[in-house]
1. Select from region 39-58 the residues that are touching a residue at least 12 places away in the same chain (Cβ under 8 Å) and either under 15 Å from Thr80 (Cβ atoms) or surrounded by 14 or more Cβ atoms within 10 Å (Cβ to Cβ) (or both) and list them in ascending order.
2. Is region 9-17 home to any residue that is surrounded by 13 or more Cβ atoms within 10 Å (Cβ to Cβ), within 15 Å of the chain's Cα centre (by Cα) and basic (Lys, Arg)?
3. Quick one: how many residues across region 27-38 are in a helix (DSSP H, G or I) and either surrounded by 10 or more Cβ atoms within 10 Å (Cβ to Cβ) or in contact with a Phe, Trp or Tyr (Cβ under 8 Å, 6 or more places away or on another chain) (or both)?
4. So which pairs qualify, if the first residue must be in region 7-26 and outside any helix (DSSP H, G or I), the second must be modelled with pLDDT under 95, the Cβ gap must be under 7 Å, and the two must be at least 6 apart or on different chains?
5. State whether one or more residues within region 38-56 are at pLDDT 90 or above, touching a Pro at 6+ places or on another chain (Cβ under 9 Å) and among the acidic types (Asp, Glu).
Amino acid sequence: MKVLWGLGKVLTLIVWGVVLINLFEPLINPFDVLINLVASLLLLTHVLELLLFKGSLQGRPHPWRDRLLILLVGIFHEHTFGTSSERDSRHA
């Protein structure tokens, strides 16, 4: 399952890379608009995820780094939240 979460992170970063390339050198007409639309929807989704998971960021050691990673890769980073708390409870 870790492979799928890692693959999701890589694919999301590739999408953000295509968006950056499109900002500096726009593609042909129908594709540049579609890429901008996908980028805005992806950013809106990640901001909503950030608002929904605001409570789980309170006890994290580096909440600002987690917020940045949520804006970049979204749910693929939020999946790591449960593993650290489970690991800490096993050692106690």
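The values are calculated or read from the model by the stated rules, or taken from the named source; none is laboratory data. Quantities reported herein were computed from a predicted structural model and do not represent experimental measurements. Note that each Cβ is placed from the backbone with ideal geometry, even for glycine, and that neighbours are counted across all protein chains shown.
1. Result: Ala39, Leu42, Leu43, His46, Glu49, Leu50, Phe53, Ser56.
2. yes
3. Final tally of qualifying residues: 8.
4. Once the first residue is outside any helix (DSSP H, G or I) and sits in region 7-26, its partners that are modelled with pLDDT under 95 give Pro26/Asp32.
5. No, region 38-56 has no match at all.
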